[in-house]
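What follows is calculated from the coordinates using simple rules that are stated; it is not laboratory data. Everything numeric here is computed off the predicted structure, so don't read it as measured data. Please note: Cβ atoms are built from the backbone with ideal geometry, for glycine as well, and neighbour counts cover all protein chains shown.
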Amino acid sequence: MESLYLLVPLSVVIVFLAIWLFFRMSDSGQFDDMVGPAMRILQDDDAPDAERK
C-alpha cells in the first residue's frame, strides 16, 4: 500500500509530461505534412540524366 503513495503521483507526472511533449511537438510543426514525404518516395525518378533525354 505504501508503494501506491509513490507510484500514483509518479504516473500522473509521467502522463502530464507526455501530454506536454505531444502538444509541444504539435505546435512546432512536427506533424504538419505526414503524406508528402511518402508520396515523394513513390514519385522518385531514379533514371540518370543521360537516359532522360
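By the beta-carbon count within 10 Å of each Cβ, the least crowded to most crowded order of Val15, Val35, fewest first, is Val35, Val15.
For region 4-44, how big is the tail of P(r) above 18 Å, as a whole percent of Cα pairs?
Numbers: 443 of 820 pairs.
The proportion of pairs with Cα distances above 18 Å equals 54 percent.
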